[in-house]
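The structure appears below as structure tokens.
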Amino acid sequence: MKEKRSLLWLKNELRLHDNEVLFRAAHKASFVIPIYIIDPTSFQTNHLGFRKAGYFRTQFLLESLDALKLSLQAIGADLHVFVGKAEDIIPRIVQELGITVVYASQEVTSEEIITLNHVELLL
């Protein structure tokens with residue numbers, strides 16, 4: 001039996017053709033809402049005086065999000081982009097839309113794993 005409503009939290013996998021998380025969500029859910037969250041802290045200067053995302057990385061991200069949005073629209077879906085912390089945004093969306101499951105790729109860096117675990121605990 002397919003889940004009713006699913007949230008697809010996209011992070012690093014911004015293409016359709018080889019997106020395993022999207023593939024799994026589409027096969028298990030009857031309705032999938034793809035989202036991407038832009039965390040403003042990724043553009044701030046860290047304690048060493050460097051930014052995680054400089055001009056070129058930011059430009060690449062925005063171009064990738066535009067391309068993904070167009071690809072999703074071509075198949076009858078859409079990409080919903082939010083600005084803020086995943087810990088604040090995802091629980092709110094889940095509550096407001098009656099989401100039954102959230103799909104996201106497994107992360108590898110400690111900071112991303114902490115965020116993923118925090119969101120999971122809040123849900």
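Under the combined filter of DSSP loop state and at most 14 neighbouring Cβ atoms within 10 Å, the stretch 49-93 retains these chymotrypsin sites (Phe, Trp or Tyr not before Pro): F50.
Distances over 13 Å make up what percent of all Cα-Cα pairs in the stretch 72-123? Summing the P(r) of the stretch 72-123 above 13 Å gives 66 percent of all pairs.
Placing a pseudo-label 7 Å from each Cα along the Cα-to-Cβ vector at L70 and H118 gives an inter-label distance of 3.4 nm. Comparing Cα centroids, the stretch 1-77 and the stretch 86-109 end up 12 angstrom apart. The HN-Hα couplings worked out from phi for the stretch 106-123 by the Karplus form 6.51 cos²θ - 1.76 cosθ + 1.60 (θ = phi - 60°) are 6, 9, 10, 8, 4, 5, 5, 5, 4, 4, 4, 5, 5, 4, 4, 5, 5, 7 Hz, whole numbers, x standing for Gly and Pro.
Taking the DSSP beta bridges with both ends in the chain, the antiparallel portion is around 5 percent. Expressed as a whole percent, the accessible surface of the chain that belongs to carbon and sulfur atoms is 58, based on a 1.4 Å probe. Structure remark: mean-square fluctuation, Gaussian network model of the chain, C-alpha springs under 10 Å; the largest value among I33, I113, I89 belongs to I113. The trypsin sites (Lys or Arg not before Pro) of the stretch 33-87 that DSSP puts in a loop, and whose beta carbon has at most 15 other beta carbons within 10 Å, are K52, K85.
3J(HN,Hα) along the stretch 32-47, derived from phi through the Karplus expression 6.51 cos²θ - 1.76 cosθ + 1.60 where θ = phi - 60°, amounts to 10, 10, x, 10, 9, 10, 8, 8, x, 5, 5, 10, 8, 7, 7, 5 Hz, with x in place of Gly and Pro. Under the convention that each Lys and Arg Cβ holds +1 and each Asp and Glu Cβ holds -1, the size of the dipole of the stretch 29-118 around its Cα centre is about 160 debye. For the stretch 13-107, the equivalent ellipsoid derived from the Cα gyration tensor has semi-axes of 26, 17, 12 Å, listed largest first.
Using helices alone, I'd like the mean residue ellipticity at 222 nm for the chain: each DSSP H run of four-plus residues gives -39500 (n - 2.57), total over residue count, nearest 500. Counting only the DSSP helices, I get -14000 deg cm²/dmol. Close amide H partners of F31, meaning residues 5 or more places away or on another chain with modelled amide H under 5 Å apart, are S6.
Decide, for the stretch 1-42, between rounded, prolate and oblate: order the square roots of the alpha carbon gyration tensor eigenvalues as a ≥ b ≥ c, take rounded if a/c falls under 1.5, and otherwise choose prolate if a/b is larger than b/c, else oblate. Because a/c hits 1.5 or more and a/b fails to exceed b/c, the stretch 1-42 counts as oblate. If a spin label sat at a point 7 angstrom from the Cα of E111 along the line to its beta carbon, the backbone N atoms of the stretch 22-49 nearer than 18 Å would be those of 37-49. Partners of K69 within straight-line reach, counting lysines whose Cα lies under 16 Å from its Cα and excluding those fewer than 8 residues away in the same chain: K11.
Rolling a 1.4 Å probe across the protein heavy atoms gives the chain an accessible surface of 67 Å² per residue.
With Rh defined as the Kirkwood radius, the inverse of the mean 1/r over Cα pairs, the Rg/Rh of the stretch 27-72 is 1.15.
The values are calculated or read from the model by the stated rules, or taken from the named source; none is laboratory data. Because the structure is a prediction, the values reported are computed rather than measured. Every residue, glycine as well, gets a Cβ built from its backbone with ideal geometry; the counts of neighbours run over all protein chains shown. Side chains are part of the model used for accessible areas, which takes the heavy atoms of the whole protein and leaves out ligands, DNA and RNA. Shrake-Rupley method; radii C 1.70, N 1.55, O 1.52, S 1.80 Å.
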